Amino acid sequence: DRQTLVAVLQFLRRSNLRESEEILRREARLLGDDLGSVATVATSSPGVAAVAAVPPGKGEARGNCEVGPSSRREPREVGNPCAARSLGGSPVSSPSSKITHSGDISAVVVEDQPDVSAVLSAYNQQGDPTLYEEYYSGLKHFIECSLDCHRAELSQLFYPLFVHMYLELVYNQHESEAKSFFERFHGDQECYYQDDLRVLSSLTKKEHMKGNETMLDFRTSKFVLRISRDSYQLLKRHLQEKQNNQIWNIVQEHLYIDIFDGMPRSKQQIDAMVGSLAGEAKREANKAKVFFGLLKEPEFDVPLDDEDEEGENEEGKPKKKKPKKDNVGSKSKKQDPNAPPQNRIPLPELKDSDKLDKVMNMKEAARRVRLGPECLPSICFYTFLNAYQGLTAVDITDDSSMIVGGFADSTVRVWSVTPKKLRSVKTAADLSLIDKESDDVLERIMDEKTASELKILYGHSGPVYGTSFSPDRNYLLSCSEDGTVRLWSLQTFTCLVGYKGHNYPVWDTQFSPYGYYFVSGGHDRVARLWATDHYQPLRIFAGHLADVTCTRFHPNSNYIATGSADRTIRLWDVLNGNCVRIFTGHKGPIHSLAFSPNGRFLATGATDGRVLLWDIGHGLMVGELKGHTDTVYALRFSRDGEILASGSMDNTVRLWDAVKAFEDLETDDFTTATGHINLPENSQDLLLGTYMTKSTPVVHLHFTRRNLLLAAGAYSSQ
C-alpha cells in the first residue's frame, strides 16, 4: 500500500540509511527522486505490499517477514546455513511491509563463512537495556492472553526472542541487565531447550561470544517458525500498536516466519515438529523430488537346490521350489516408478563372487520367516563380556558370518560367528607355488596357520566410533577420534588406506549397499562421501549446525541420511550434493537411522528416547514410537519391512509393528503444505514386545537373511 511505502522511504531517508532506501526503491521500481510520485505496487493479498510480485506456489502465499536484501531466498541456503547472509545495509524496521518474493537481488553480496565480528556487530544499534524485560513481558502477556488457537503458535516466539534479546544485552555489555533478564525468563522456556540454555547461561561477557559456535549458529542461521497467516497478522498488529520496535527488529533480522494459509496448528502438532537448534524446517526445504524407489536387480538364473530336506521327492522338488524362486526374481523385474534412473550415479559392476552371493541370498530368502504380530522373530544377543577396552561400535556382515567391535582403546576386533575360522592370505612366496588353474584356488591361497576366531586390527590412535563391513565382505571401514577413516582388508587383515579429510573426531561411517562408495560424518559438522579408490572425498555435505552423529545410505544408494546433534535429520542427494529433506521433531541429538527395505520410509532414534517415522516422498513425520527411557542407539527393519526393532541404552530391545505404523497414512496435499500432522495418540498399539537384557545397553541390531534378529552390546556392571 502506497502510504506505507512512502512512510518507510521517508523514515529511511531521515535515518540516513541510504543503502536500504536505494534497495527498497529499486525493488519497488521507484527510480524517481520524488517520493510523492509513487508507482503502483502489485500486491499479492489485500493489505500486504509485495515489493516484487512473484506468483506464490500452488495456492499458497509464502510469507517471509523481512524487507530489503535479507529476504533473498538464496538457493545455496540449504547447503550452507551461513551462505545466505546479506550485507546490503540495515533491515527496514517497518512492520507494515512484508515481501513475498523469491526473486534474486543482484546487489546482495554472499559470503560463505561468516566473519565473527561482522556477525556479532548486528547487535550494535540497540535500544534501552532497562526496557528489555518490559518488552519481553509485554509480549508474553499479549501471547498468554490471546485466543487458544493462536497461543500455541505464537508461543514459539518465546525461545528465539529470549536468546537474541539476552545476546544483545551481553554484546552491548549490559551484564547486570542480561543476568536479571536471563534469571527472570529462562524458566518459561520449553524443557527441550534446557541444554541450549545451559550453554547460553555461560555467555556473560562480550568476549565469551567470539569463540562460541552455538552462538554463531544462532546468529547466522535464521530460526524458522511456521505460523498461520491469522496468528501472524495478530502478532504484527500488536507490535505495531505497541511500537515495540526492539522485538520487531529481532523478528525481521533473525527469524524466518514461514506463513501458511489455513487453520492454526494445535499445541500437540507444534510440539511434534519443533525442538531443533534452528526451529522447524522451511516447507521449501522438503519440496524437491526424491527418487525413493529401489533399483532394478540384475537378472540371472538361480540354480536349484540339491541338498533339500525331502531328498526322495526328486520329481516334486523343482515344482515346489520353482514358484518361490520366480517370486523372488519377479519382485525386481518391474521398474519401480519412484526409482532413480539405473545410471543416475555410477555403480560398480557385479563380479562373479557378487552374483554367487546374490544367489545364496535368494536361496536364504526363500526360507525366510514371514514376520508379523503373530510371528515375532527370535532374538540372539551377543554380549561383549569384560570389554574393559570400552565397546564403542559394532557391525555384523550381511550374511551374519562376522561381527566387528570398535573399542575405546583404538583397536578394531573382528570375530567369526560361524565355525569357519578367519584366515589370512598366504605370503607372496607361497602364493607363487599355487596352481592358479585349480578349482579350489580360492581355498588354497588361504594360510591355515593363521586361522583363528578373532583378529585384532591396530592402526587408529583414538577410540573407534564407527565400523562397517563392505557388502562383499572383503573390506572393513572404521572411523575414529583421530580424524581418519581406515579401510582394512579382510583377506590380509591389514590396513589398506587411511582417508584423511575430517580434522576432528569422525563419529560414524557406512558402506553403500552396492559397495565402492562410503560416507563418514563427524565433529566438523559435515558428512563426506568417499570412494574406496579416491583419497579425497567426492562430495562434502555441509548444512548441519552441530556434529554429524550418524550416517546411512538409502537402499538405492542415490541418497544419504545424516543425523546430527543439532536435532535434525537431513537427506542428501549423492548426485549433486544437495540437501533434499530436513526433518525436525527430535528433542535431542540423533543417534540411529534406518531406511525401510522398500526405500519409502526412514526411522530415526535420539537421546530423547523417541523413535520417529518419516515419509521420505512427502517429507512428513508419520509416526512417533514412545517406550524407550534412554537414548535409542540401534534401529533396524526386518528383511521384508514388517517389523522395526529398536535397541536402547535402557537395556531393552523393542519390536514395533511397521506395517500398521505405515498404513492409512494421511499424506494429502494440505498436510504436506502446512504440516498439520495427526500422529496416532497411542504408540503402545504398535509395540509388539519388549525384551530386557540383564545389564547390557543395546548398541547394534541386525536381521539375518532369514529374519533372525541379532543384537549386540557390552555388559556394564553398574
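Restricting the search to helices (runs of 4 or more DSSP H) fully inside region 163-267 and requiring at least 2 residues that are free of Cβ contacts under 8 Å to residues at least 12 places away in the same chain gives 175-185, 194-201, 229-242. Per the conditions (1) more than 21 Å from Ala603 (Cα to Cα); (2) among the basic types (Lys, Arg); (3) part of a strand (DSSP E or B); (4) open to solvent by 50 Å² or more (accessible area, probe 1.4 Å), the sole criterion not satisfied by Arg473 is (3). Starting from region 345-356, keep only residues that are touching a residue at least 24 places away in the same chain (Cβ under 8 Å) and in a loop (DSSP other than H, G, I, E, B), then list their pairs with residues that are among the hydrophobic types (A, V, I, L, M, F, W, C) and open to solvent by less than 100 Å² (accessible area, probe 1.4 Å) whose Cβ atoms are within a distance under 6 Å, requiring at least 6 positions of separation or different chains. As it stands, the answer is Ile345/Val574; Ile345/Leu575, since those pairs meet every condition given. Kindly establish whether Phe493 is open to solvent by 10 Å² or more (accessible area, probe 1.4 Å) and under 24 Å from Lys355 (Cβ atoms). No; evaluated as a whole, the condition is false for this residue.
Any residue at all in region 281-290 that's assigned to a helix (DSSP H, G or I), more than 22 Å from Cys191 (Cα to Cα), outside the structural domain of Leu545 (by the TED database) and more than 22 Å from the chain's Cα centre (by Cα)? No.
Only residues that are part of a strand (DSSP E or B) and open to solvent by 30 Å² or more (accessible area, probe 1.4 Å) were counted across region 534-548, and they come to 3. Looking only at residues in region 250-292 that are surrounded by fewer than 20 Cβ atoms within 10 Å (Cβ to Cβ) and of a type in the set (Gly, Ala, Ser), the one that is nearest to Asp230 (Cα to Cα) is Gly262.
Answer yes if at least one residue in region 452-464 is more than 29 Å from Gly522 (Cβ to Cβ) and part of a loop (DSSP other than H, G, I, E, B), and no otherwise. There is at least one residue in region 452-464 that is more than 29 Å from Gly522 (Cβ to Cβ) and part of a loop (DSSP other than H, G, I, E, B). Filtered by the rule that a residue be under 20 Å from Arg344 (Cβ atoms), crowded, with 24+ Cβ neighbours inside 10 Å and out of contact with any Lys or Arg (no Cβ under 9 Å at 6 or more places or on another chain), region 557-606 gives a lone residue, Gly599. Of all the residues in region 419-445, those that are in contact with an Asp or Glu (Cβ under 9 Å, 6 or more places away or on another chain), farther than 18 Å from Arg473 by Cα and open to solvent by 50 Å² or more (accessible area, probe 1.4 Å) number 4. Flag set for Asp217, criterion: surrounded by 15 or more Cβ atoms within 10 Å (Cβ to Cβ), in contact with a Pro (Cβ under 9 Å, 6 or more places away or on another chain) and more than 25 Å from Gly138 (Cα to Cα). Checking each residue in region 150-186 for being among the small types (Gly, Ala, Ser) and open to solvent by less than 30 Å² (accessible area, probe 1.4 Å) picks out Ala152, Ala178.
Taken over region 482-528, the criterion of being of a type outside the set (D, E, K, R), in a loop (DSSP other than H, G, I, E, B) and more than 20 Å from His544 (Cβ to Cβ) is satisfied by Leu490, Gln491, Thr492, Phe493, Ser512, Pro513, Tyr514, Gly515, Tyr516. May I ask you to verify whether Lys334 is open to solvent by 30 Å² or more (accessible area, probe 1.4 Å), of a type outside the set (Asp, Glu), at pLDDT 85 or above and farther than 27 Å from Ser646 by Cα? No.
The values are calculated or read from the model by the stated rules, or taken from the named source; none is laboratory data. Nothing here was measured: the structure is a model prediction, and the numbers come from that model. Methodologically, a virtual Cβ is constructed for each residue, glycine included, from the backbone with ideal geometry; neighbour enumeration extends over all protein chains shown. What goes into the accessible areas is simple: the full protein's heavy atoms, side chains included, and nothing from ligands, DNA or RNA. Shrake-Rupley method; radii C 1.70, N 1.55, O 1.52, S 1.80 Å.
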